[in-house]
Amino acid sequence: MISLLNRVFPRGLRVNAGQRPPGACSTAGAVTSCLRGAMGLVLAGFGWPGLAHASPVDVGRFAGQQGAVPAPWRVVQLDKKVPLTRYTVVNWDGVAAVEARADASMALLARSIALDLQTTPVMCWRWRVDRVLQKADLATKAGDDYAARIYVAFTLPPESMSLGLRAKLAVGRSLYGDLVPDAALNYVWDNQHPVGTRRPNAYTDRTQMIVQRSGSDPVDRWVTERADVLQDATLAFGPLAFKASLLALASDTDNTGEQARAGFADIHFVGRGEACRFP
């Protein structure tokens, strides 16, 4: 399957003149990692009606929940040979949150969204990790693991992509469904690279990796984040009409074989001039 994906989505495809497209799965490797990097997980059963765009737009608040993560969130296992990261809703130091526990494991906690980034481009969230990974390195495929990561995947208007790219996407999706997004951002809690580091995913330049938090200071406590998703997407892929279609969380240690514990809470989108709304 991975060899076919690589033939369908070769690295280096470009959109119309002056525009840089999302990249593509480019080299042979585990299909799990390639699809994980691409974050194209608009899978059957993930449908979600259009969200009202009054600010804030809540997409990940868990107050009043306990135990299993409620719909529309779904755990997605990309490789049945890899153990699942476990996700549970807990009260963690007074914060209603998703707890992720990874032990040489990988699974995504994902949901579909329908978001107007022109109105609410800024994503706000809280997260925490018990420790950063020791052997991870976002520059390599073998090190493509993170104690915590948040993905936003996008659809793009067809006219923003070349005929060649659209044809290849159509072939790929006829084979695999909506497994590969038009573009994606991946905000990560890294172990070594400076905050603000931006680079393509080790498997595909269709996904841009952004180091939102780095190192072990702070660990074991909640920290708040704010990221302008529309601005970050424009910097990564050019001034296109991005539509946010998928949000996913993960604690990911299958490559390095390490253990990690992370928390995610109060994920929402606001306008550029608005403050984040944390309880």
Give the Cα extents of the stretch 133-279 along the principal axes, in whole Å, largest first. 48, 40, 24
Given 0.36 nm per residue, what is the gain on full extension from residue 241 to residue 171 after removing their alpha carbon distance, in nm? 22.9 nm
Taking the full set of protein chains and a 1.4 angstrom probe, give the accessible area of residue 135 in square angstrom, rounded to the nearest 10. 130
Just reorder 258, 159 by solvent-accessible area, largest first, 1.4 Å probe, all chains present. 159, 258
Output the peptides 58-67, 84-93, 183-192 sorted from most to least packed, where packing is the average of other Cβ atoms within 10 Å over each peptide's residues. 183-192, 84-93, 58-67
Report the label-to-label distance for residue 84 and residue 103 in nanometres (one decimal), using points 7 Å from each Cα along the Cα→Cβ vector. 1.5
Ordering 98, 69 by accessible area with a probe of 1.4 Å, largest first, what comes out? 69, 98
As a quick test, which of the pairs 81/243; 80/135; 81/135 have an alpha carbon distance above 30 angstrom in this structure? 81/243
Quick one: what are the phi-derived ³J(HN,Hα) couplings along the stretch 78-93, Karplus 6.51/-1.76/1.60 with θ = phi - 60°, whole Hz, x for glycine and proline? 8, 9, 5, 7, 9, x, 7, 5, 9, 10, 9, 8, 9, 9, 10, 6
Just grab the label-to-label distance for residue 71 and residue 55, each label 7 Å out from Cα along the Cβ direction, in nm (one decimal). 3.2
Keeping every protein chain present and rolling a 1.4 Å probe, give me the accessible area per residue for the stretch 221-279 in Å². 35
Can you list the aspartates and glutamates whose alpha carbon sits under 12 Å from that of residue 168, skipping same-chain ones fewer than 8 residues off? 182
Can you sort 193, 268 by 1.4 Å-probe accessible area, starting with the largest? 193, 268
List, in order, the whole-Hz ³J(HN,Hα) value for each residue of the stretch 124-129 obtained from phi through the Karplus relation with A = 6.51, B = -1.76, C = 1.60 and θ = phi - 60°; use x for Gly and Pro. 10, 6, 10, 8, 7, 9
Tell me which aspartates and glutamates have Cα within less than 20 Å of residue 141's Cα, excluding those fewer than 8 residues away on the same chain? 79, 103, 190, 205, 252, 254, 258
Carbon and sulfur together cover what percent of the accessible area of the stretch 138-279 at a 1.4 Å probe radius? 52
To the nearest 0.05, what FRET efficiency results for residue 162 and residue 198 with a Förster distance of 30 Å applied to their C-beta separation? 0.80
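The values are calculated or read from the model by the stated rules, or taken from the named source; none is laboratory data. Note that the structure is a prediction, hence the values are computed from the model and not measured. Methodologically, a virtual Cβ is constructed for each residue, glycine included, from the backbone with ideal geometry; neighbour enumeration extends over all protein chains shown. When the accessible area is computed, the model is the full protein with side chains, heavy atoms only, and any ligands, DNA or RNA have been set aside. Shrake-Rupley method; radii C 1.70, N 1.55, O 1.52, S 1.80 Å.
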